[in-house]
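Chemist: Below is the structure I would like to discuss, written out as structure tokens.
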Amino acid sequence: MTITPDFLESLKLARKNNPSQKTEIKIRDITLGGGEKIVMAGPCAVESEEQLVRTAWEVKKAGATVLRGGAFKPRSSPYSFQGLGKKGLEILRRASREVGLATVTEVIDTRDVELVSRYVDILQLGSRNMQNFQLLQEVGKTGKPVLLKRGMSATIEEWLLAAEYIMKEGNHQVILCERGIRTFEPLTRNTLDLNAVALVKNISHLPVVVDPSHGTGVKELVLPMGKAALTVGADGLIIEVHIDPDCALADGKQSLTPGEFREFMAEINVLKEFWGRSLNSLSI
Ligand code: PEP
Ligand code: MN
């Protein structure tokens with residue numbers, strides 16, 4: 001399939017109507033999609049208050065502006081840690097107030113949308129729920145920014161139509177998140193699709209964030225792929241960081257230590273000026 005007028009026509013709310021149109025999303029004192037690269041960081045799952053507060057201080061000192069942490073975890077196995085639920089949300093809010101960071105967490109059930117909205121700044125809609133149309137509609141009724149992860153087997157068209165479901169309900173604050181797709185390659189957890197980032201930046205005005213942690217599943221690949229993602233036009237990154245990855249209850253193998261995250265941010269900062277000039281200079 002190529003990009004046809006019919007395809008663009010189907011994206012009633014998400015498509016760009018002129019080359020310079022862009023949606024800027026304000027989250028506290030941060031603007032996503034306005035040119036500045038935003039880094040969201042934190043553990044895969046909220047495990048305890050101590051774990052989250054310590055991580056929050058570390059990522060803030062390194063330059064992240066949004067704290068991530070799952071309270072409701074959609075795990076592949078029912079025997080894996082499922083998250084702390086409401087207690088996890090309370091911990092997230094306390095960490096956010098103490099450290100002074102905005103927050104993002106996943107909501108996996110329509111019945112929890114109202115609850116989760118009271119605790120965090122950004123609602124995350126996960127890869128496994130990208131085509132849960134009732135959940136899309138429910139987050140579309142909130143006034144909260146939504147980080148919409150691409151389904152692991154979703155086409156770019158399906159991903160953008162999922163964004164339309166949210167926007168059609170009146171919530172236009174959608175952040176698209178590329179987190180890797182399933183391919184035949186077994187050495188990485190997923191294949192990070194940077195084609196999708198460059199393509200979506202050209203046809204949609206919505207901000208795009210990339211998750212190289214889930215996109216690769218390998219912590220050594222997080223920095224190179226994070227740099228690549230920002231270079232092709234992503235507006236920000238979401239990175240898993242754990243104070244003790246070997247003991248993490250979820251996704252330890254792809255989590256950076258605080259020290260590794262500091263080095264990551266130092267390298268990202270060196271490239272900032274280059275991205276400022278190169279951002280979105282391509283067009284299809
Ligand atoms: C996560 O962010 O921890 C997560 C479960 O992500 P995804 O939905 O991309 O698998
Ligand atoms: Mn994870």
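Chemist: Would you compute, for the Cα atoms of the range 128-200, the largest minus smallest coordinate along each principal axis and list the three values in descending order, in whole Å?
Modeler: That works out to 40, 23, 18 Å along the principal axes.
Chemist: Let me ask something else about it. Report the residue, chosen from 96, 255, 213, that carries the largest GNM mean-square fluctuation when the chain is represented by alpha-carbon nodes joined by springs under 10 Å.
Modeler: The residue with the greatest mean-square fluctuation here is 96.
Chemist: Highest GNM mean-square fluctuation, the chain, Cα pairs closer than 10 Å: which of 226, 259, 215?
Modeler: Greatest mean-square fluctuation among the candidates belongs to 259.
Chemist: Taking R0 as 30 Å, what FRET efficiency do you get between residue 22 and residue 118 from their Cβ-Cβ distance, rounded to the nearest 0.05?
Modeler: 0.55
Chemist: Here's something else I'd like to know. Report the full-extension gain for the segment residue 231 to residue 183: residue separation times 0.36 nm, less the Cα-Cα distance, to one decimal in nm. Working shown, then result.
Modeler: Details: separation 48, 0.36 × 48 = 17.28 nm, distance 2.31 nm.
Separation in residues times 0.36 nm, less the Cα-Cα distance, equals 15.0 nm.
Chemist: Please report, as a whole percent, how much of the solvent-accessible surface of the chain comes from carbon and sulfur atoms (probe radius 1.4 Å).
Modeler: Roughly 51 percent of what the probe reaches on the chain is carbon or sulfur.
Chemist: Can you work out the accessible area per residue across the chain, with the rest of the protein chains kept in place, probe 1.4 Å, in square angstrom?
Modeler: Working: 12570 Å² over 284 residues.
Roughly 44 Å² per residue, with all protein chains present.
Chemist: Report the per residue volume, in Å³, of the convex hull enclosing the C-alpha atoms of the range 164-272. Please list the in-between numbers first.
Modeler: Working: hull volume 13.6 nm³, N = 109.
Per residue, the Cα convex hull of the range 164-272 comes to 125 Å³.
Chemist: Then there's this: Pairs 149/253; 12/87; 61/141; 168/227; 141/201: which exceed 31 Å Cα-Cα?
Modeler: Details: 149/253 20 Å; 12/87 39 Å; 61/141 35 Å; 168/227 33 Å; 141/201 25 Å.
The answer is 12/87; 61/141; 168/227.
Chemist: Enumerate the whole-percent occupancy of each 10 Å bin, from 0 to the last occupied one, for all C-alpha pair distances of the range 61-151.
Modeler: Reading upward from the zero bin: 17, 49, 29, 4.
Chemist: Also, quick follow-up: Stick to the Cα atoms of the chain, pair each with every other, and give me the Kirkwood hydrodynamic radius in Å at one decimal.
Modeler: Values: mean 1/r = 0.0537 Å⁻¹.
18.6 Å is the Kirkwood radius here.
Chemist: Another question about this same structure. DSSP loop GluC sites (Glu not before Pro) in the range 1-65 with at most 16 other Cβ atoms within 10 Å of their Cβ, which ones?
Modeler: Working: sites: 9, 24, 36, 47, 49, 50, 58; in loops: 24, 36, 47.
Passing both the DSSP loop test and the Cβ count: 24, 36.
The values are calculated or read from the model by the stated rules, or taken from the named source; none is laboratory data. If you're wondering where the values come from, they're calculated on a predicted model, not measured in any experiment. Backbone-built Cβ (ideal geometry, glycine too); neighbour counts: all protein chains shown. All accessible areas refer to the heavy atoms of the entire protein, side chains included, with ligands and DNA or RNA removed. Shrake-Rupley method; radii C 1.70, N 1.55, O 1.52, S 1.80 Å.
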